[in-house]
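Visitor: Provided herewith is a single structure, encoded as structure tokens, for subsequent inquiry.
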Amino acid sequence: MNLFINLSLKILRFLPPEVSSYLSLKMNKLFFLIFRFSIKKNYQEKTKNKNISFLNLNFPNRIGLGAGLDKEGKYVESLGNLGFGFIEVGTFTPLPQKGNEYPRIKRLKSMDSLINSLGFNNPGIDIGLENLKRNRSNFNGVVGVSIGKNRDTSLESAHLDYIYCLQKAYLIADYIALNISSPNTEGLRELSSEDYFKKLIFEINSEATKLNEDLNKITPIFLKISPDENEERIEQIIECSLKNNISGFIVSNTSLGEFKNITGGISGGLLKDKSVKMLQIVNKINAKRGLVISSGGISTKEDLQQRRKHGADLFQIYTSFVYKGPQVIDDLLPWS
Ligand SMILES: Cc1cc2nc3c(=O)[nH]c(=O)nc-3n(C[C@H](O)[C@H](O)[C@H](O)COP(=O)(O)O)c2cc1C
């Protein structure tokens, strides 16, 4: 089986990254549909005795898949059963959008990295959640829904996009991740500036409080942080977030850079140091008040150990999974 997967990965690497990603997701789903029973049994074996509870969520293990691979909410069961304890889908925006111009993903293979300028290509939150409802019942892990704003929504009205998505996802999601840190939607990162952040978080908290009472459900909300912020600003972001009932932080999103004629988000090996540095800063300020999910260049047991030392409760992978396939989950699970 591993031989087959490794061979497929090698062949897929000759194709453009987005085509390769699309085909891998489809093939993996087909595989899951055919071998569902043995895959699910295998999942139980892999995650035995690794259960861990945070807030009101029960994670089968600490290794999750970062947002942006399942941008449609169609692959939760097939990806999740490879061994993930949690999967984050999206980022979803209120309206469907195509994203930025092609080419918008390049492999930086020698550095185990990717650069992407996708720009929230997604089917819109309504269809995304419909897909999710149909494709999650065979996954026992936690499912997060990442939400963002449409490209054409002004920064002044951005909170309305987040509130729209929050209302839609609140009942379905196990947790909601606020994505204000993608470098690929023009101006998005300004939402974490003093001018916009307080209002945004206040409005989100007010709406979440209402939803909690009306629906009798608490859906934790996490904030995904950019690795490119300065320490002073991070302190204000974290204090303001915690005051407004944000339950945790995902540290970090991709870092803005330029390679191979693409200006966009860098992930994988090249992000590792920045992401660890940001984790250290967040850990110091957060002081165990909110949950911390480490994301950025994780691929080995040493990465997990280092992130644990710097206060990470959970981990997310993306780029190492793209390069190494399901083997990376098996490599990490014993150390998680
Ligand atoms: C192609 C690509 C698309 C991504 N799309 C999203 C997204 O839609 N929302 C989001 O919050 N993060 C997105 N990310 C960021 C990842 O979730 C992750 O935080 C980041 O890549 C760092 O982890 P890694 O180094 O393990 O890849 C994307 C990353 C990549 C490489």
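The values are calculated or read from the model by the stated rules, or taken from the named source; none is laboratory data. For clarity, every value in this text was computed on a predicted model and none was experimentally measured. Here the Cβ is made from the backbone with ideal geometry for all residues, glycine too, and neighbour counts use every protein chain on show.
Visitor: I'm trying to understand the selection: among the residues of region 277-300, which are surrounded by fewer than 18 Cβ atoms within 10 Å (Cβ to Cβ) and in contact with a Leu (Cβ under 7 Å, 6 or more places away or on another chain)?
Guide: The one that is surrounded by fewer than 18 Cβ atoms within 10 Å (Cβ to Cβ) and in contact with a Leu (Cβ under 7 Å, 6 or more places away or on another chain): 289.
Visitor: When region 305-315 is examined, which residues are found to be in contact (Cβ under 8 Å) with a residue 60 or more places away in the chain and either more than 13 Å from residue 276 (Cα to Cα) or in a helix (DSSP H, G or I) (or both)?
Guide: Answer for region 305-315, where residues must be in contact (Cβ under 8 Å) with a residue 60 or more places away in the chain and either more than 13 Å from residue 276 (Cα to Cα) or in a helix (DSSP H, G or I) (or both): 313, 314.
Visitor: Output the residue which, of all residues in region 247-261 that are among the hydrophobic types (A, V, I, L, M, F, W, C) and within 11 Å of the ligand (Cβ to nearest atom), is nearest to residue 67 (Cα to Cα).
Guide: Out of the qualifying residues, it is 250.
Visitor: For region 125-147, state whether one or more residues are in a loop (DSSP other than H, G, I, E, B) and under 28 Å from residue 200 (Cα atoms).
Guide: There is no residue in region 125-147 that is in a loop (DSSP other than H, G, I, E, B) and under 28 Å from residue 200 (Cα atoms).
Visitor: Still on this structure, I have one more. So, in region 72-96, exactly how many residues are under 22 Å from residue 40 (Cβ atoms), in contact (Cβ under 8 Å) with a residue 60 or more places away in the chain and either part of a loop (DSSP other than H, G, I, E, B) or within 14 Å of the ligand (Cβ to nearest atom) (or both)?
Guide: The number of residues fulfilling the criteria is 9.
Visitor: What number of residues in region 97-129 are more than 13 Å from the ligand (Cβ to nearest atom) and buried (at least 16 other Cβ atoms within 10 Å of the Cβ)?
Guide: Residues in region 97-129 being more than 13 Å from the ligand (Cβ to nearest atom) and buried (at least 16 other Cβ atoms within 10 Å of the Cβ): 2 in total.
Visitor: Now for a different question. Condition check: surrounded by 23 or more Cβ atoms within 10 Å (Cβ to Cβ), among the β-branched types (Val, Ile, Thr), within 25 Å of residue 314 (Cβ to Cβ) and out of contact with any Ser or Thr (no Cβ under 8 Å at 6 or more places or on another chain). Does residue 87 satisfy that?
Guide: yes
Visitor: Any residue that is surrounded by fewer than 22 Cβ atoms within 10 Å (Cβ to Cβ), modelled with pLDDT of 95 or more and in contact with a Leu (Cβ under 8 Å, 6 or more places away or on another chain) - is there at least one of those in region 231-244?
Guide: no
Visitor: Here's another thing I want to ask about it. If I filter region 207-221 for residues that are crowded, with 23+ Cβ neighbours inside 10 Å, outside any helix (DSSP H, G or I) and either within 20 Å of the chain's Cα centre (by Cα) or away from the ligand (no atom under 14 Å from the Cβ) (or both), do I get at least one hit?
Guide: Yes: region 207-221 contains one or more residues that are crowded, with 23+ Cβ neighbours inside 10 Å, outside any helix (DSSP H, G or I) and either within 20 Å of the chain's Cα centre (by Cα) or away from the ligand (no atom under 14 Å from the Cβ) (or both).
Visitor: Within region 282-290, can one find any residue that is within 13 Å of the ligand (Cβ to nearest atom) and either of a type in the set (Lys, Arg) or in contact (Cβ under 8 Å) with a residue 12 or more places away in the chain (or both)? Working first, answer last.
Guide: Restricting attention to region 282-290, the residues satisfying the condition of being within 13 Å of the ligand (Cβ to nearest atom) are none.
The answer is no; no qualifying residue exists.
Visitor: For region 303-330, which residues satisfy the criterion of being of a type in the set (D, E, K, R), within 15 Å of the ligand (Cβ to nearest atom) and at pLDDT 95 or above?
Guide: Across region 303-330, the qualifying residues are 303, 307.
Visitor: Here is a follow-up. So, residue 285, is that one in contact with a strand residue (DSSP E or B) (Cβ under 9 Å, 6 or more places away or on another chain) and either among the aromatic types (Phe, Trp, Tyr) or on the phi < 0 side of the Ramachandran plot (or both) or not?
Guide: When the stated conditions are applied, residue 285 does not pass them.
Visitor: Looking for whichever is buried (at least 16 other Cβ atoms within 10 Å of the Cβ), out of contact with any Lys or Arg (no Cβ under 9 Å at 6 or more places or on another chain) and under 20 Å from residue 295 (Cα atoms) here; the options are 174, 228. Which one fits?
Guide: Values: 228 fails: out of contact with any Lys or Arg (no Cβ under 9 Å at 6 or more places or on another chain).
It is 174.
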